[in-house]
Structure formats: structure tokens, C-alpha cells
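Asker: The structure under discussion is supplied below as C-alpha cells; questions concerning it will follow.
What follows is calculated from the coordinates using simple rules that are stated; it is not laboratory data. These numbers come from a predicted model, not from an experiment. Virtual Cβ from ideal backbone geometry, glycine too; neighbours counted across all protein chains shown.
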Amino acid sequence: MSLPSLDPDKSASGITVDPKTLQRVIAPTKRADGSVRKEIKIRPGYTPQEDVSLFRGTKQLQAEARKLAKTNVPGWIPPSSSAKPGGSSGAAASGLSKSAKKNAKKREKKQAELEAKIKDSWEDDDEDEAPAPTDKKKDEEVEGLTNKLDEAKISDKET
């Protein structure tokens, strides 16, 4: 048996292990008036109420193990995971019922159709976009107005 450290850890109730005798004790404390309380020895095997942990059933332990950390993003699958994102084929589908497999195929087919539709709509948008014809009259009017404004600014500065 190894010796405990010289700086013993305290439990929630203040129990430490005495490094000399290897007994569990509550260390001496000082009262407000300056007197010292004596060291209290703890019987072997006794666990005070403050040190008793909460009972966790097997279901609770499993739920806590599955619980995501606060830093995880919902829907994110870690790369080390064996499940492949975006599809349920192969070994992943073998554990599903017949109707679940059928629904998964429907979902995949619907997703593929949606992707094709989106791709087609993007291609159509590219074809539809043509440079808008410029109106020479409007360009000349804009140029004339900017010239007048510049002249007005110059005349204001001179006065």
C-alpha cells in the first residue's frame, strides 16, 4: 500500500487521511475565540452523508453517456463514426425493418430529385441572365447632370 500525499485531499465533509497513522480523521480546527478543537478519528468503513454520491440507475448512466457535450453541434457526426452521413445503405440498412428500408429509399429518391431540380434551376438562371441593354439617352442625361453638379461645386468654392 502506498503512502498518502503530504497534502491530503479533503472530502466534502472535511475527512482527510493522516499521513503518519494512515487513519481517516477530521483535522483540528480553530474556534472564533482562538481555542483549538481536537482531531476527530473516523471509524473504518464509515461514510458521512455529505460524501455519499447520488444513486444513478443503469438507464441514467447510459443516458448521460449518450448525452452530447455543450460544444457539439446538433446534426454533426464525428469523422471517426462508422455511420456514413447522407445515406442508409449497406450495414446500416441491414438492421432496419422492411418498411423502414422502403421509407429510406423513398427519402433518398426524393432527395436526389430535389438536388437535380435545384441543379437545373441554377443552370436555367445562368442562361437567362443576359447583360441589360444600356440606354444611350439615359447615360447622356446622367453625364450632363453630373457635369452641372461639378460646375456648381466649383462655383461655390470660388465665392
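Asker: Report, ordered by the first and then the second residue, all pairs with beta carbons closer than 8 Å, sequence separation of six or more or different chains, a first member in segment 29-40 that is farther than 18 Å from SER13 by Cα, and a second member that is surrounded by 10 or more Cβ atoms within 10 Å (Cβ to Cβ).
Answerer: Partner pairs satisfying both residue conditions: VAL36/PRO28; VAL36/THR29.
Matching residues to (1) among the β-branched types (Val, Ile, Thr); (2) touching a strand residue (DSSP E or B) at 6+ places or on another chain (Cβ under 9 Å); (3) exposed (fewer than 10 other Cβ atoms within 10 Å of the Cβ):
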{"site": "GLN23", "(1), (2), (3)": "no, yes, no"}
{"site": "ILE26", "(1), (2), (3)": "yes, yes, no"}
{"site": "ASP33", "(1), (2), (3)": "no, no, yes"}
{"site": "GLU39", "(1), (2), (3)": "no, yes, no"}
{"site": "ILE42", "(1), (2), (3)": "yes, yes, no"}
{"site": "GLN49", "(1), (2), (3)": "no, no, yes"}
{"site": "SER53", "(1), (2), (3)": "no, no, yes"}
{"site": "THR58", "(1), (2), (3)": "yes, no, yes"}
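Asker: Which residues, counting only those in segment 41-71, are touching a residue at least 24 places away in the same chain (Cβ under 8 Å) and either in contact with a helix residue (DSSP H, G or I) (Cβ under 6 Å, 6 or more places away or on another chain) or in a loop (DSSP other than H, G, I, E, B) (or both)?
Answerer: Correct list: ILE42, PRO48.
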